[in-house]
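Notes follow the structure.
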Amino acid sequence: ARTLVQLFTPHMAFIPALLSPAELNSILQEPSQVSKVNTFDVSLLLPPDSEYAQYIDHRIPGAKFFSLKRYAADHPNNLTIMLPSPEKFCAVMRYMGVQKDDHIVCYDCHGMWSSARGAWMFTVSILSRLNILKFSIFRG
């Protein structure tokens, strides 16, 4: 039987690099990179606040909204913010236009609260390039 360390070590060995807003801007200024970069707002807010309303009000231009409540839920067990099945995650990524070799950048409205969780979900899917944006877009 495999131990938990053996099961999780390959994924835990990869820690996404933190990316500054200036570094992201620099990447997005390169015409050859723009179509390969997918920026995701993975903000998670407690009720009555709305992640989608926050995304609409404060998103980075071109960013996509990745709902941890919607896409990371195990609906048969009524659990939210769980690691989705590989089939579900791949279907969501296809729907959002993500390719295997794309550069993924995750951010959230608090700085690095739910963006780390979102980034971890992407690392489990073995995407090659991933960063977490190190800043807060929360204006309130």
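Filtering segment 1-26 to residues that are modelled with pLDDT under 55 and in a helix (DSSP H, G or I) leaves L4, V5, Q6, L7, F8, T9, P10, H11, M12.
Residues in segment 48-68 that are over 16 Å from W120 (Cβ atoms), under 15 Å from the mean Cα position of the chain (by Cα) and not hydroxyl-bearing (S, T, Y): E51, R59, I60, G62, A63, K64, F65. If the condition is being modelled with pLDDT of 80 or more, under 13 Å from the mean Cα position of the chain (by Cα) and of a type outside the set (A, V, I, L, M, F, W, C), then segment 85-131 contributes D102, H103, Y107, D108, S114, S115, R117, G118, N131.
The values are calculated or read from the model by the stated rules, or taken from the named source; none is laboratory data. The model shown is predicted, which means the values in this text are computed figures rather than measured ones. We place every Cβ from the backbone using ideal geometry, glycine too, and count neighbours over all the protein chains shown.
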